[in-house]
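Working notes for the structure below.
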Amino acid sequence: MPQITKHHTVAHLYRHPVGRDVIDKLMLQTGLPRRLIHLISWLKLSWVERLTQPLTGPGMVDVVLDLVNQETDRPLRGRAPEPTPWWREAVFYQVYPRSFRDADGDGVGDIRGIISKLDHLHDLGVDCVWLSPVFKSPNQDMGYDVSDYRDVNEEMGTLEDLDALIAGCHERGMRLILDLVVNHTSDQHEWFRKAVADPAGRYGGYYFMVEGDPDTPPNNWTSFFSGSGWSWIPEAKRWVLHLFADGQVDLNWDNSDVRDEVADIVAFWMQRGIDGFRLDVINYISKREGLPDGHPFIGDILEFTGVEHYFYGPRLHEFLRGLRRDGFTRRERPASTPRRRLPDGTLGEPLPPDMIGVMVGETPGIGMELGRLLSGYGRGEMDLIFNFDVLDNPGHTRWDSYRYQLYYLKRFYRAYDSHLAPNDWIAVFLDNHDNPRMLSKFGMGRERDPQVRTAIGKMLATIQLTMRGTPFLFQGQELAAINQEFSGVDELRDVESINRHDALMGRGMTPEAAWGQILAGSRDHSRVPMRWTRDGGFTDGTPWLVGTDDEPGFSAEEQVADPDSVYSWHKALIALRRQHRSLTIGALRWVHPHHKFYFAYIRSLGDEKFLIECNTSSKRRKRPHVGGRIVPVMGGPRRDVMEPWEATVSRIR
């Protein structure tokens, strides 16, 4: 791929996969209109530099060109894999173990609690369960600070409990993947303790430990959890890098010993029967050599100074391919393997053990084109990535209080689908453990009406479970879970929210404005315990985090018993997917693509066609014309006027 220079135009830059994603991210973060790209496409980059330098400061274009020119490859445009990998047709379900079910009454969810609710997931139709971390951890960031990758945290249970969970999933025809956090370890990990004791020794090279002045960090990088990305370790007389909490110290993946350690951890769990991993912030593992200062303007826009030097580092592809090769290929037959689930939901013979575990990457900042480079089939890297651009409208972040416009979601998926080659695939998600509930972001208070809550919950489920890609549900989505009405910081447990609140107050923000941001974006909205019964049912003790939603009709007990509930709608959609492959691997064609409130498309495979239609507005709207003989399948009679937030699934004969 030819190098891009300042003599090239904006159009040349936008045709490069890295350049396109950088420009798209700029448009998203600032809220600038996308048509601006085409208006200035003829401008040389040297002219852009001169025009924007008074705003951005010097060096901005150089930073972009450094990023662009480190990538010499292009996404593959091959055929779809054959046979279709199991994960392309699966429905994944994320369990946040601390909040799923507590079996021992200590107020914290655990593995035995998850085992007790496996039938709930099986009856829903889940194909693969994903657990947020259960490894040994001091819990500075609720398990995302691991102190031992081969053991289970005591509050979660034991290795034997985890073996029982693996077997329980496989007996029900479900797979199980774990959350692997290997951009960083806990500062309580044995590796880091040895590094502090002997910074010049073997384990000192496992981390970014830098000598220097105790009053001056090595660079200006900031932490995602507020403040500097560096901490001074007096006993080691070194600075240590931590992109997240100060107890989450970054691993140095340039060190081959680190890569070997991680591959061994993956192989250990694969041999134990785990079916793959979701890899936490995995695109951060390659940092630019020399750890240069971040550009101040980029730091201001993204709130994280230095991120351009590691969100898509120079050795990222090399590291991922090595991990795939050395860790994810099973070396022994696992103790248990899942059974084949038939279209009618019954279980058949055991599946042969997969030789390759599924690799799902959490990849903040990665856009459509870079996502294809990281996960295109045949590239030997990841299978799926999470693209977080879907979660907020242009010009907004999760800390903003605003009403999410689903027209952007439609535009996002239209753009994504138009760029995907047959060998590409995406993860389709709306909720996770790091973000507020999409139902509340879209409802913006209207979801307090139970009928509205139910309608929006069904509509979002329809989009997610029929969109082209692999859906990832987060616990509680099937119950129409919403944001909580927390009243103050003392009710929160999320270290990111608490640190951010302190930082905002320290900058002189009013208490009302600071709390407004935290309430809009706190991760605790999605982390409150599951409502198994009308009065809770999560624990016999005092829950570690207390939720505020007690609306009748939205517990699992009530939802499962109600044939018109959001749970029953999810279950029916998942069953329909399993019976009709047109809704999983079928082609997608948009219907009336520019209509603002009519969210509709056709999924087809061979002679089979399904029409999915959603009214994404709060008003009754006339249903646009669609040709063909249309037979309703879900959603009742297909009337000429669609009710607010109505969703229907129909066959086209």
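The values are calculated or read from the model by the stated rules, or taken from the named source; none is laboratory data. Quick caveat, the model's predicted, so the values are computed rather than measured. A quick note on method: Cβ atoms are made from the backbone with ideal geometry, for glycine too, and the neighbour counts reach across all protein chains shown. Note: areas computed on protein heavy atoms with side chains; ligands, DNA, RNA excluded. Shrake-Rupley method; radii C 1.70, N 1.55, O 1.52, S 1.80 Å.
Using a 1.4 angstrom probe and counting only protein chains, how large is the accessible area of K237 in Å², to 10?
The value for K237 is about 140 Å².
Give the residues of the range 374-401 whose amide nitrogen is closer than 20 Å to a point set 7 Å from the Cα of A415 in the direction of its Cβ.
Output list for this probe position: 374-376, 385-400.
Give me the percent relative contact order of the range 232-348, please, defined on Cα pairs under 8 angstrom at least 6 residues apart.
27
Could you compute the net charge surrounding D640? Neighbours are other residues with a C-beta less than 14 Å from the C-beta of D640; K and R count +1, D and E count -1.
+3
Which percent of the accessible area of the chain is formed by carbon and sulfur heavy atoms (probe 1.4 angstrom)?
That fraction is 51 percent.
If packing is taken as the average number of other Cβ atoms within 10 Å across a peptide's residues, how do 242-249, 18-25 rank, most packed first? Kindly include the intermediate steps, with their values, before the conclusion.
Details: 242-249: 23.5, 18-25: 21.4.
So the peptides 242-249, 18-25, ranked by packing, come out 242-249, 18-25.
When only C-alpha pairs under 8 Å and at least 6 residues apart count, what is the relative contact order of the chain, in percent?
Normalised by residue count, the contact order of the chain is 13 percent.
Let me know the Kirkwood hydrodynamic radius for the range 565-614, please, with Cα pairs as the basis and the value in Å to one decimal.
Taking the inverse mean of 1/r over all distinct Cα pairs, the range 565-614 comes out at 11.8 Å.
With each label point set 7 Å from Cα along the Cα-Cβ vector, what nm distance links H595 and L26?
3.6
Report, in deg cm²/dmol and to the nearest 500, the calculated mean residue ellipticity at 222 nm for the chain, where each DSSP H run with n ≥ 4 adds -39500 (n - 2.57) and the sum is divided by the residue count.
-9500 deg cm²/dmol
Classify the range 554-653 as rounded, prolate or oblate from the Cα gyration tensor: take a ≥ b ≥ c as the square roots of its eigenvalues, call it rounded if a/c is under 1.5, otherwise prolate when a/b beats b/c and oblate if not.
It comes out oblate by the Cα gyration axes.
Where nothing but the Cβ of Lys and Arg (+1) and of Asp and Glu (-1) is charged, how large is the charge dipole of the chain around its Cα centre, in debye to the nearest 20?
For this selection, approximately 3920 debye.
K237: which lysines have alpha carbons under 16 Å from its alpha carbon, excluding same-chain residues fewer than 8 sequence positions away?
Of all the lysines, those that pass the test against K237 - Cα under 16 Å, at least 8 places apart if same chain - are K194.
Tell me the per residue accessible area of the range 533-580 using a 1.4 Å probe; a whole number in Å² is fine. Walk me through the numbers before you get to the answer.
Values: 2280 Å² over 48 residues.
Roughly 47 Å² per residue, with all protein chains present.
Can you compute the FRET efficiency between D490 and I356 using 1/(1 + (r/R0)^6), with r the Cβ-Cβ distance and R0 = 56 Å? Round to the nearest 0.05.
E between D490 and I356, to the nearest 0.05, is 0.75.
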